[in-house]
Amino acid sequence: MFEDLQQSLQALHDRYRCLNEGSVAAYIPELSKADPDGYCVAITLVDGTQYIVGDQDTQFTLQSVSKPLVFGQALTTAGRNIVTALTGVEPTGGSFSAFEDLDDEGCPLNPMVNAGAIVTASLIPGNTHEDRTKVINDMVAKYTGAQPTLDQAVMDSELRTGDRNRALGYLLKDKGYIEGSVTDALNLYFHQCSLKVNTQQLANAAATLANHGVNPVTQQRAVSTTYVKDILVVMLMSGMYNYAGRWAYEIGIPAKSGVSGAIFGVIPGVMGIGVYSPRLDEYSNSTRGIETFRDLTKQYNLHFLGPDLQTTDHIIDPNT
Ligand code: GLN
């Protein structure tokens, strides 16, 4: 079924490398330094076969793509009852850093918005920042197949400009959704967002979720099979910011995007897809990334409910 995958990826890359809509994120000043034309597409199948086209050496920060991984780690260390008491699993409300992302009690709607991700970061155990970052780095390494490095400049930029995240953190503490130090939780959250990967590693991480929690290239387990469904459900409902509904409708792949221009998508039992291209649309999703996934889902029938339920642009016989 995937014999022609490398040629398909090349054709996709040729098609969309001229798409210049959108702009690179600038609200974290360091991110604005990314080359707007950077573009890379990678796939890792659950048998470990890897495909890649484009800027394969370019590294970028995980940003919000780290959120589903840290959610899984919080489930692993704190358990489902505690995690779901402190963050909901309701679809995204406002933008990813909005105060509308909290319900009437002040509980984050889900772990894919910043508020929920700050809560899951607060659940990572360790006595020091170094202990906690080691847990995160080792976990990310199992997903990607390589020890991640920190982009200190991005981390410093987030530390300098992350006032809204700080405000959310203190509100969450006041409402009882964070128990320990808000500063510790925020520092870990900024750290997880500032870890660097390349696009093949991004696809490996997605393939790990597609492969029941085991990295298909290294055979290392990153997360228990038990929690893979938890992760994929919140990715499907809330992974693409305020575009999540349209994404589920048209593309139908559990996925997560980040403001660096990364998107990773999971086809359970089949493959993981990673796309990097830093120009973002009005929802903060990579413009080339969205179109790349849209093409792939059509070409290979990847929608999670099957090809028949994909949107159609013609009127069909109501009796069929
Ligand atoms: N570090 C970013 C922030 O907190 C992550 C946002 C994102 O990728 N959506 O604003």
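The values are calculated or read from the model by the stated rules, or taken from the named source; none is laboratory data. Please read these numbers as outputs of a predicted model, since none were measured by experiment. We place every Cβ from the backbone using ideal geometry, glycine too, and count neighbours over all the protein chains shown. Heavy atoms of the whole protein, side chains included, go into the accessibility calculation; ligands, DNA and RNA do not. Shrake-Rupley method; radii C 1.70, N 1.55, O 1.52, S 1.80 Å.
Just to verify a number: FRET efficiency for GLU90 and GLU179, C-beta to C-beta distance, R0 = 22 Å, to 0.05? Walk me through the numbers before you get to the answer.
Values: r = 22 Å, r/R0 = 1.00.
Step by step, r from the Cβ atoms, then E = 0.50.
Within 10 Å, Cβ to Cβ, of THR92, how many net charges do the neighbouring residues add up to if Lys/Arg are +1 and Asp/Glu are -1? Could you put the intermediate results ahead of the total?
Working: positive: none; negative: GLU90, GLU100, ASP101.
Spelling it out: positives minus negatives among the neighbours equals -3.
Can you give the net charge of the other residues whose Cβ lies under 13 Å from the Cβ of LEU31, counting K and R as +1 and D and E as -1?
Numbers: positive: LYS33, ARG160, LYS196, ARG279; negative: GLU30, ASP35, ASP151, ASP156, GLU158.
Net charge in that neighbourhood comes out at -1.
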With the 8 Å Cα cutoff and a minimum separation of six or more residues, the chain has a relative contact order in percent of 25 percent
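Note down the net charge around ARG15, summing +1 for each Lys or Arg and -1 for each Asp or Glu among other residues with Cβ under 9 Å from its Cβ. Mind dumping the intermediate values first?
Details: positive: ARG17; negative: ASP14, GLU291, ASP295.
Computed value for this residue: -2.
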Projected convex hull area of region 188-261, Cα atoms, direction-averaged, in nm², equals 5.6 nm²
So for each of 293-303, 171-181, 54-64 I average, over its residues, the number of other beta carbons within 10 Å; can you give me the resulting order with the highest mean first?
54-64, 293-303, 171-181
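Tell me, what does the Kirkwood hydrodynamic radius of the chain come to in angstroms if you use every pair of distinct C-alpha atoms?
Working: mean 1/r = 0.0517 Å⁻¹.
For the chain, inverting the mean 1/r across all distinct Cα pairs yields 19.3 Å.
LYS229 to GLN59: extension gain in nm, 0.36 nm per residue of separation minus the Cα-Cα distance? Each step should come with its number before you reach the end.
Numbers: separation 170, 0.36 × 170 = 61.20 nm, distance 2.83 nm.
So the chain would gain 58.4 nm between LYS229 and GLN59.
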Ordering of 10-21, 146-157, 210-221 by packing [mean C-beta count within 10 Å, highest first]:
210-221, 146-157, 10-21
Among GluC sites (Glu not before Pro) in region 70-157, those in a DSSP loop whose Cβ has at most 13 other Cβ atoms within 10 Å are GLU105
Using a 1.4 angstrom probe on heavy atoms only, work out the carbon and sulfur share of the accessible area of the chain in %.
50 percent
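Using helices alone, I'd like the mean residue ellipticity at 222 nm for the chain: each DSSP H run of four-plus residues gives -39500 (n - 2.57), total over residue count, nearest 500. Write down the numbers at each step before the final one.
Details: 12 runs with 138 residues, N = 320.
When only DSSP H runs of four or more count, the value is -13000 deg cm²/dmol.
Mind checking the per residue accessible area of the chain for me, 1.4 Å probe, whole number of Å²? Walk me through the numbers before you get to the answer.
Details: 13090 Å² over 320 residues.
Ligands and nucleic acids excluded, the figure is 41 Å² per residue.
Given contacts defined as C-alpha pairs under 8 Å and at least six residues apart, what's the relative contact order of region 86-195, whole-number percent? Numbers along the way, then the final one.
Values: 144 pairs, mean separation 33.5, N = 110.
Relative contact order, region 86-195: 30 percent.
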Two-site label geometry, CYS18 and GLN152: point separation in nm, points 7 Å out along Cα→Cβ
4.3 nm
